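Visitor: Sharing a structure here in structure tokens format.
The values are calculated or read from the model by the stated rules, or taken from the named source; none is laboratory data. Everything quoted here is computed from the prediction, not taken from an experiment. All Cβ positions, glycine included, derive from the backbone under ideal geometry; neighbour counts span all protein chains shown. Calculation scope for accessible area: heavy atoms of the full protein, side chains included, ligands and nucleic acids excluded. Shrake-Rupley method; radii C 1.70, N 1.55, O 1.52, S 1.80 Å.
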Amino acid sequence: MNEILRATAAELAAKIATGEVSSVEVTRAHLAQMAAVEPRVHAFLHVDGDRALAAATAVDAKRAAGEKLGPLAGVPLALKDVITYRGAPTTCGSKILEGWYPPYNATVTECLLANDIVILGKTNLDEFAMGSSTENSAYGPTRNPWDLDRIPGGSGGGSAAAVASFEAPIAIGTDTGGSIRQPAALTGTVGVKPTYGGVSRYGLVALASSLDQPGPCARTVLDAALLHSVIGGHDPRDSTSITEAVPPVVEAALSGDVSGMRIGVVKELGGAGYEPGVAARFNEALVLLQRAGAELVEVSCPHFEYALAAYYLILPSECSSNLAKFDAMRYGLRVGDDGDRSAEEVMNLSRGAGFGDEVKRRIIIGTYALSSGYYDAYYGSAQKVRTLITQDFERAFKQADVLVSPTTPTTAFRLGERINDPLAMYKSDLCTIPSNLAGNASASFPCGLAPENGLPVGLQVMAPAMADDRLYRVGAALERELASEIGGLLIDELAAGAAGEYLGVKEAVK
Ligand code: GLN
């Protein structure tokens, strides 16, 4: 048991392929871990153990018959509940979609199934992926396995917490402004936002279509790369999908060679407002990367300062349009349909009851920013800023092969701490948003624990579009150097330390 839960996805797949362990055993172990920790963590909104075991049984039968298996065949996975999976509900963390069963699979889901990955269930998120703490879920918050009084980040707090609490070795997230990377940083896990268009958005319920991107969550760099290679690639059903082949992410994760690589430290993403422990671990990560042969340069991206403001005009504008389809007429929640009320009244009542405060706030802001009198002043200006940010990246990537910053200004905050202060909440994504606006590849890798509170800190790495492999090169180098410093993976501290006991990890893995 212990060994199964602590193993990486790559190790599990290798053992399943040789028959040393069965996918059914591996799946059972993870379902047992869920039973032990879910009452405290609440990473999942929906789990279907029978279906997962049936899928695992099918993988074991394929192996026994000598059929060819994919690189992660038989490995259990957690799927963010904003991606459709036929036969399971998709709620997007919202009451408006409660009980909705999608009639189709997302392309990401199809890729997972085609590769014999075992889907355990759907993970919790901020409603329609709007938030940085998972507290905006209509089904209650997820808690951070490192400290159950703290948030796991958001919107993909469920996927990150599932991986961090050993309920699943790998998970799928989506990142519109940081929802894969910020939760990864706050839970000591790996999270990658691939280049926009690198992974299909078909079947991902849209938040902001020009920013959304699905990607892998894992405990190791190689596991993330393997999952990236499974879900990446061209999809004719997504008109923004890139036709080029997936960059060589697995090779990069295996090599971890950064010798001679120029790493650009972004001057604007640091300084005042960053917790001392975050700054300390970030600076140490730079030293480790230098030790691994990388060269550090300072770069300036002067327009990053306006990224948050531009994002909070572009995202609400797109989401006000994307969420118009939840009108109670075709599917989803319907309130007040008593035969006397008009369709418009039923729409108003349903949207009023079905959407939470943050979703309503953004629909109102977006509708305002797009209105004819204000379009140029707000939406139009934000799009110009978006171009300036893209140009900052282009200039910086002439001086450096990748750019780095802390992933988040602070470590995980306490539940309730920022929920009534949207601006404080929005600032969690200060460092992650520029990559969404520009569409380039970006990731967060664990770089240690903040000395003041023992909570994880993430290093953000940003690479040019379609140079996703560079992220993995840097991530693997950092993982190797950090492991030699601390004697293993950072995440193992959670399983071994006090937090592990608190979680029930120890009881469950005996
Ligand atoms: N926290 C950001 C927001 O609330 C990012 C969300 C996301 O990436 N889905 O918009």
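Visitor: Looking at Pro145, Pro141 in this structure, which one is farther than 21 Å from Val108 by Cβ, more than 10 Å from the chain's Cα centre (by Cα) and surrounded by fewer than 24 Cβ atoms within 10 Å (Cβ to Cβ)?
Guide: Pro141
Visitor: Here's something else I'd like to know. Conditions first: (1) under 26 Å from Asp238 (Cα atoms); (2) out of contact with any helix residue (DSSP H, G or I) (no Cβ under 6 Å at 6 or more places or on another chain); (3) away from the ligand (no atom under 12 Å from the Cβ). Ala185 passes all but one, so which condition is the exception?
Guide: (1)
Matching residues to (1) open to solvent by 80 Å² or more (accessible area, probe 1.4 Å); (2) within 15 Å of the ligand (Cβ to nearest atom); (3) over 16 Å from Ile314 (Cα atoms):
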| site | (1), (2), (3) |
| --- | --- |
| Asp340 | yes, no, yes |
| Asn348 | yes, no, yes |
| Gly352 | no, no, yes |
| Phe355 | no, yes, yes |
| Lys360 | no, yes, no |
| Ile365 | no, yes, no |
| Tyr368 | yes, no, no |
| Asp376 | yes, no, no |
| Gly380 | no, no, no |
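Visitor: For segment 164-194, which residues satisfy the criterion of being in a helix (DSSP H, G or I) and of a type outside the set (S, T, N, Q)?
Guide: Correct list: Ala164, Arg181, Pro183, Ala184, Ala185, Leu186.
Visitor: Do we have any residue at all in segment 468-483 that's touching a residue at least 12 places away in the same chain (Cβ under 8 Å), under 20 Å from Ala218 (Cβ atoms) and hydroxyl-bearing (Ser, Thr, Tyr)?
Guide: yes
Visitor: What number of residues within segment 152-163 are away from the ligand (no atom under 15 Å from the Cβ) and either part of a loop (DSSP other than H, G, I, E, B) or within 20 Å of Phe282 (Cβ to Cβ) (or both)? It would help to see each step written out before you state the result.
Guide: Of segment 152-163, the ones away from the ligand (no atom under 15 Å from the Cβ) are 161-163.
With either part of a loop (DSSP other than H, G, I, E, B) or within 20 Å of Phe282 (Cβ to Cβ) (or both) added as a condition, the list becomes none.
Qualifying residue count, segment 152-163: 0.
Visitor: Now for a separate question. Out of (1) of a type outside the set (A, V, I, L, M, F, W, C); (2) under 23 Å from Ser133 (Cβ atoms); (3) not in a loop (DSSP other than H, G, I, E, B), what's the single condition that is false for Thr27?
Guide: Among (1) of a type outside the set (A, V, I, L, M, F, W, C); (2) under 23 Å from Ser133 (Cβ atoms); (3) not in a loop (DSSP other than H, G, I, E, B), Thr27 violates only (2).
Visitor: Could I ask something else about it? Would you check which residues across segment 166-180 are hydrophobic (A, V, I, L, M, F, W, C) and within 15 Å of the ligand (Cβ to nearest atom) and list them?
Guide: If the condition is that a residue be hydrophobic (A, V, I, L, M, F, W, C) and within 15 Å of the ligand (Cβ to nearest atom), then Ala171, Ile172, Ile180 are the ones that fit.
Visitor: A further question on this structure: If you take the residues of segment 387-407 that are in contact with a helix residue (DSSP H, G or I) (Cβ under 7 Å, 6 or more places away or on another chain) and open to solvent by 10 Å² or more (accessible area, probe 1.4 Å), which of them is farthest from the ligand (Cβ to nearest atom)?
Guide: Among those residues, the one meeting the criterion is Asp401.
Visitor: Would you confirm whether any residue within segment 90-98 is open to solvent by less than 10 Å² (accessible area, probe 1.4 Å) and within 13 Å of the ligand (Cβ to nearest atom)?
Guide: yes
Visitor: A follow-up question, please. With respect to the numbered conditions (1) more than 30 Å from Pro89 (Cα to Cα); (2) within 16 Å of the ligand (Cβ to nearest atom), which one is the sole condition not fulfilled by Ser321?
Guide: (1)
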